[in-house]
Amino acid sequence: MLDNIYNYIYFLGLQTIRCFKKLGKRLKEAILRPLRAITTLVFTALIVIDKFTLNTFHEITADAKSLLGNTKRVLSEVRADGGKKERFKKLPLYLSKMWRFYKQVFIYAGNLILPIVSFVIMLNVIFAFTDRTFALELTYNGEVIGFVKSESVYKEARNQALERLQIKSGEVTADNGRQELIGNAEYSLKAVKLSQINDAEAICDSLIENSNCEITNACGVYIDGDFLCAVKNETDALAVFDNILSEYEADDDSSVSFVEDINYVQGLYPDNENTVWDAKRLSEKLSDKKSEARYYTVKTGDTISEIAEACSVSTAEIFNLNPEIRESIYVGQKILIEKDVNFVQVQITKTQTHTETVKYSTVKVNTDTLYVGDSKTVVKGQNGEQKVTELVTYIDGVRVSSKEISRVTTKEAVDEKIQVGTKRNNYYGSSGGNYNFSYSGAKFCWPGVGATVISSRYGKRALNGWHNGIDLCRPGGSMGAPVVAAESGKVIHTGYQSMGGYVIMIDHGNGITTLYAHLKAGSTCVRAGQYVTRGQQIAQIGNTGYVTGAHLHFEVRVNGNRVNPAPYLGIR
């Protein structure tokens, strides 16, 4: 058994080796055959190239070597001759022979050298003209003062020069007899380097330098584009303005700058006292006022809005400039309309935060657990708060603008939830018969919770004459039933009376008060001076005072006079 397995494995190995040998031979033939063909083609191509292309090169190389040898021989013969005249006579002969025998060498050399020389020349031309451009050459008073890109640059420079020489120089009279300080320059088109092009300010300095005025090199100070003066040293001018800004405190959240656009232009200026100032004179000028403060004196019948309209300002500006005043003003009072305006104004932009109150909303929910006309506050509303961050700008200490950056709620507002009754009631009169009544926009809520029986109405009654209110009872027993405030107001009295027993009186404003009598002893839960809201419990129904049983006696008084409570409770 094992011998058979061994023989089988041995035979399988031999067959595998034979298969790989055959496969290798076929792969070798498949690879080498195209490789031999490609090699043959490459050698053939090289031979063709050498035959038709390099053959000329080989021939020229051989002729060049022969030319070099003959040239050395000719030079030796020329040196061996006697005088220079003989040499010069034979030189043309030798050159003509060399051209006749080696013409192809010279032509081949020319074909190689001339393109190279042309390429070098072209590169030089390109490099030369890439750094050049066409510009106007300006000639003034016979001298070249510079180059500009266009005529508009020259005109701008001339206007700048005239402005510098004329402003405060004292050399300009009326337009018709004005001395022409800067004449017109002559210009022509030239090709110049880019580095030679001048801007308007450089040409301006050149024009001033060639004018007939006494000039000096100084730093011109321009405010909003208008020339103020020139200072010999630019550092001195900068120091004057920096000193003004240094008077204002600035932190990481604020920036201080001038409202006006301040520019410093170094150049040539007329050398006279009207134009060139020292730092002290500049500082004194900047300390002046551009305009004085303006006031309005209040007259009889004036109002803030009328004053604002008459002075062409807004009421907000008046309140901003006069924080001490409100809507009330008095005759003879001086109100600031416009404050002093400094020659240069300083603006401070800073980040400020403040807290704003977010008013709560009132949500009313209908419920059948309360009677129509009654309501109950189940969740008391609370205002929320928001932190507001603003970017505020002040000019000379006055707030002029603000831009809100962010608003973050720090405390959420809580909505006030009020339950409004929808339950309808049947009421029972003193005669014992029941009847329905309808509500027609009741002013007050029902003062006795669950006290649905009217045992005695307002007006004349048989037992003891006139009744000043209405008596309310609860079916099944009134003792301990809640008594609530019919409307929001201020408690003005709590105590005991001989007839009414324990009573509470509430002032609702506009001369209207309500009274609640026969209250249960010890049930009063408010005090005089306390503010109560509509529907808030104030006591319980009792039987104190002159009564035949527990009930609530309810009165409404207008300016001290007792009136019928029924319309206030929405009943008929």
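The values are calculated or read from the model by the stated rules, or taken from the named source; none is laboratory data. Just so we're clear, the structure is a prediction, and the values are computed from it rather than from any experiment. FYI the Cβ positions are ideal-geometry reconstructions off the backbone, even for glycines, and counts take in every protein chain you see.
List of remarks:
- Candidates Thr355, Thr297, filtered to the one that is over 20 Å from Val392 (Cα atoms) and loosely packed, with under 12 Cβ neighbours inside 10 Å: Thr297
- Which numbered condition Ile506 misses (of (1) under 23 Å from Gly450 (Cα atoms); (2) assigned to a loop (DSSP other than H, G, I, E, B)): (2)
- Some residue of the stretch 526-536 being small (Gly, Ala, Ser) and under 27 Å from Val420 (Cβ atoms): yes
- Single condition Leu189 does not satisfy, out of (1) under 25 Å from Arg132 (Cβ atoms); (2) at pLDDT below 80; (3) not in a helix (DSSP H, G or I): (2)
- Criterion (outside the structural domain of Thr393 (by TED's automatic domain parsing), of a type in the set (Asp, Glu) and closer than 26 Å to Ile145 by Cβ) met by exactly one of Glu234, Glu260: Glu234
- Whichever residue in the stretch 506-531 is surrounded by 20 or more Cβ atoms within 10 Å (Cβ to Cβ) and either among the aliphatic types (A, V, I, L, M) or at pLDDT below 90 (or both) and, among such residues, is nearest to the chain's Cα centre (by Cα): Ile506
- Residue check for Asn366: within 30 Å of Thr303 (Cβ to Cβ) and surrounded by fewer than 16 Cβ atoms within 10 Å (Cβ to Cβ): no
- Residues (modelled with pLDDT under 80 and not charged (D, E, K, R)) located in the stretch 207-247: Leu207, Ile208, Asn210, Ser211, Asn212, Cys213, Ile215
- Qualifying residue in the stretch 395-414 (condition: in contact with a Phe, Trp or Tyr (Cβ under 8 Å, 6 or more places away or on another chain), farther than 30 Å from Val346 by Cβ and outside the structural domain of Glu487 (by TED's automatic domain parsing)): yes
- Screening Asn383 with (1) of a type in the set (S, T, N, Q); (2) at pLDDT 90 or above; (3) touching a Cys at 6+ places or on another chain (Cβ under 9 Å) gives one miss only, at (3).
- Close pairs (6 angstrom Cβ cut-off, 6 or more residues apart or separate chains): within 17 Å of Ala528 (Cβ to Cβ) and assigned by TED's automatic domain parsing to the domain that holds His553 in the stretch 474-494, among the hydroxyl-bearing types (Ser, Thr, Tyr) and in a strand (DSSP E or B) anywhere: Val483/Tyr516; Lys490/Tyr531
- Residue-level check: of (1) modelled with pLDDT of 80 or more; (2) within 40 Å of the chain's Cα centre (by Cα), Arg164 misses just (1).
- First in the stretch 448-462 and surrounded by fewer than 17 Cβ atoms within 10 Å (Cβ to Cβ), second anywhere and in a loop (DSSP other than H, G, I, E, B), Cβ under 8 Å, 6 or more apart: Gly459/Asn564; Arg461/Ser430
- Looking across the stretch 469-494, the residues that are within 18 Å of Ala550 (Cα to Cα) and not aliphatic (A, V, I, L, M) come down to Gly469, Asp471, Cys473, Arg474, Pro475, Gly476, Gly477, Ser478, Gly480, Pro482.
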